[in-house]
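Right, one structure below, let's go through it.
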Amino acid sequence: MKCDSCDKEIAKGDEFSHHGQTLCDDCYMNIRLKPKACDPWAVRLATSTREKAGACGEEDLTDLQKSIYAFIKGRGKVTADEVVQELNIPLSELEREFATLRHCELVKGKKEGDKVYLVPFS
């Protein structure tokens, strides 16, 4: 059987059912455990943990997080679609990594007119 979302082959017994869809583990987790960019407790935890570790800026980020951060910082403001196209990643992956970068107070969302841009935090 195949995942209704990503078309990946799923072994019998490893599938998840969600709102009438048959999903693989990854797609189910993306739906059920979607990270929230605006989470004050996550920000407090991330910033205090990084501060105690002596990390700042890009230190302790994954390679993908560094790439996302560098792209946003280099352009000043970008849309999520621009990041997805530039880095060739799924939107769900960008959303997950953006949440981490937001919790670290490195990037944030900024609404201008009817568009939302990803911008450096400060």
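Before moving on, here are some points about what is shown:
- Failed item in (1) in contact with a Leu (Cβ under 8 Å, 6 or more places away or on another chain); (2) within 23 Å of Thr47 (Cβ to Cβ), with Ser122 passing the rest: (1)
- Long-range neighbours under 7 Å by Cβ, at least six apart or interchain, first residue in contact (Cβ under 8 Å) with a residue 40 or more places away in the chain within the stretch 66-82, second surrounded by fewer than 14 Cβ atoms within 10 Å (Cβ to Cβ) and part of a helix (DSSP H, G or I): none
- Residues (touching a residue at least 12 places away in the same chain (Cβ under 8 Å) and either more than 25 Å from Glu97 (Cβ to Cβ) or exposed (fewer than 13 other Cβ atoms within 10 Å of the Cβ) (or both)) located in the stretch 11-25: Glu15, Thr22
- Of the helices (runs of 4 or more DSSP H) lying entirely inside the stretch 44-122, those carrying at least 2 residues that are over 25 Å from Asn30 (Cα atoms) and open to solvent by 50 Å² or more (accessible area, probe 1.4 Å) are 63-75.
- Filter result for Ile31 (modelled with pLDDT of 90 or more and either open to solvent by less than 70 Å² (accessible area, probe 1.4 Å) or in contact with a strand residue (DSSP E or B) (Cβ under 9 Å, 6 or more places away or on another chain) (or both)): no
The values are calculated or read from the model by the stated rules, or taken from the named source; none is laboratory data. This is a predicted model, so every value here is computed, not measured. Cβ coordinates were reconstructed from backbone atoms using ideal geometry, including for glycine residues, and neighbour counts include every protein chain displayed. Heads up: the accessible areas ignore ligands, DNA and RNA and are worked out on the full protein's heavy atoms, side chains in. Shrake-Rupley method; radii C 1.70, N 1.55, O 1.52, S 1.80 Å.
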